[in-house]
Amino acid sequence: MQELLIEGGVPLSGSIRISGSKNAALPILFSSILLDSPAVFHNVPRLRDIATTIALLRVLGRPAAFTDAEGHSVRVENGPLSGEAPYELVRTMRASVLVLGPLLARLGFARVALPGGCAIGARPVEQHTRALEKMGARLELESGYIIGRCASLRGADITFDFPTVGGTEHLIMAAAQAEGETVLRNCAREPEITDLANFLNACGAKISGQGTDTVHIRGVAALRGCDYRVMPDRVEAGTFLAAAAITGGNCDIVGCPVEEITAVVAKLGETGVTVEPHAGGASVRRNGKLRCVDVTTRPYPGFPTDMQAQIMALMTLAEGSGTVEETIFENRFMHVPELVRMGADIRLSGSRAVIRGVPALTGAPVMASDLRAGVSLVLAGLAASGTTRVQRIYHLDRGYERIEHKLEAVGARIRRV
């Protein structure tokens with residue numbers, strides 16, 4: 001079993017280049033099911049979830065591969081489609097349910113295993129399935145698989161119960177080749193949804209309103225492949241901003257999508273961290289001592305749940321006390337007991353955590369329970385005295401490309417063992 005070994009206490013200094021967005025790349029890659037010709041995707045991060053997606057596309061009849069050993073471009077070929085997404089691939093990645101709609105649009109049939117993923121609470125797919133049924137699909141659950149059939153998908157007027165990123169992406173894909181017009185209301189507004197819609201429009205789709213709470217999709221008969229560059233990863237950018245801040249460092253975050261993380265930048269500013277945008281990204285430095293703040297996670301453009309654990313790690317070493325309230329997912333405080341093992345003062349009450357800053361953290365063996373919890377422990381280890389061993393780092397490999405190499409390049413004493 002691999003783990004990260006961190007000797008903390010070194011201020012980070014230098015440049016870190018942001019990778020492509022995993023959360024944008026996954027639905028964009030899955031949308032290649034809809035295409036009638038090959039497509040090439042650039043700026044694709046080399047992550048475990050991307051490798052799983054490529055393997056699943058191959059099984060579904062879309063041969064896909066990185067175009068070279070070290071690059072970040074993926075070519076997806078055309079081929080005869082299969083309608084079955086097996087459990088062996090789907091179980092490791094919740095986003096894989098997004099193949100259901102595109103397969104129904106192309107084949108009128110799909111058999112997709114219910115997805116797995118991180119242990120951060122329920123991520124129900126009922127909003128996805130109810131919307132697909134409104135578009136004419138007949139769905140049933142059998143032995144852990146969703147089985148869908150339809151003569152063809154038809155446009156519909158759909159209102160989500162609450163903004164759902166995956167549901168919005170899923171229905172945009174399904175509606176892109178449905179008969180007639182689909183209107184999606186109460187949509188999520190995340191930039192990754194806009195990136196998916198922009199890609200499909202480049203392939204000939206007719207989608208408007210992406211980035212707002214109402215999206216219109218007029219179905220088209222065919223979509224052609226194209227070359228497309230995936231947006232940078234805004235959560236990775238926010239994580240490295242926090243890494244520089246927690247170590248008292250001064251870094252240049254190359255490719256930082258500042259406009260997509262305004263809530264994170266504003267909250268970091270409240271803690272005493274300066275983020276200065278420039279043409280190539282942003283520079284970050286800490287001004288004196290950190291200050292605790294109050295954070296509530298919200299759908300975009302609010303403070304992202306995927307940055308909650310990182311800002312909590314930052315506040316463990318800040319002056320005063322602050323709160324973090326999680327409104328998106330239950331069970332997303334699984335990093336708290338591990339941070340407490342390192343000397344943090346955090347008290348939990350339901351969906352709310354109260355953090356009182358301490359003078360120092362001490363390295364300890366800790367265990368990642370999910371992707372963002374794991375990276376919060378890395379941040380804490382970078383600032384702690386002594387040695388921190390982060391176990392179960394396969395969670396990190398799902399969302400951070402070569403994280404130890406990027407951190408080592410700016411002075412961190414970190415290695416994979």
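Some notes on this structure:
- Residues that are hydrophobic (A, V, I, L, M, F, W, C) and without any contact (Cβ under 8 Å) to a residue 40 or more places away in the chain within region 312-329 comprise Val324, Ile328, listed in sequence order.
- Residue in region 47-63 that is closer than 18 Å to Ile193 by Cα and of a type in the set (A, V, I, L, M) present: yes
- If the condition is being of a type in the set (A, V, I, L, M, F, W, C) and within 23 Å of Arg189 (Cα to Cα), then region 257-279 contributes Val258, Ile261, Ala263, Val264, Val265, Ala266, Leu268.
- Exactly one residue out of Gly148, Gly117, Gly180 is modelled with pLDDT under 95 and not charged (D, E, K, R): that is Gly117.
- Per-region count, region 358-385, residues in contact with a strand residue (DSSP E or B) (Cβ under 8 Å, 6 or more places away or on another chain) and hydroxyl-bearing (Ser, Thr, Tyr): 2
- Scanning region 400-417 for residues that are in contact with an Asp or Glu (Cβ under 7 Å, 6 or more places away or on another chain) and in a loop (DSSP other than H, G, I, E, B), we see that the one that is nearest to Leu12 (Cα to Cα) is Tyr400.
- Candidate set: region 316-327, residues that are β-branched (Val, Ile, Thr) and surrounded by fewer than 18 Cβ atoms within 10 Å (Cβ to Cβ); chosen: the one modelled with the lowest pLDDT: Thr327
- Residues being over 21 Å from the mean Cα position of the chain (by Cα) and of a type in the set (Val, Ile, Thr) are represented in region 65-79 by at least one member.
- Residues in region 313-329 that are assigned to a strand (DSSP E or B) and out of contact with any Leu (no Cβ under 8 Å at 6 or more places or on another chain) were compared, and the one that is nearest to Ala188 (Cα to Cα) is Glu325.
- Taken together, the residues in region 46-70 that are of a type outside the set (A, V, I, L, M, F, W, C) and either modelled with pLDDT of 95 or more or outside the structural domain of Ile28 (by TED's automatic domain parsing) (or both) amount to 7.
The values are calculated or read from the model by the stated rules, or taken from the named source; none is laboratory data. If you're wondering where the values come from, they're calculated on a predicted model, not measured in any experiment. With ideal geometry, Cβ positions are generated from the backbone for all residues, glycine too; neighbour counts draw on all protein chains shown.
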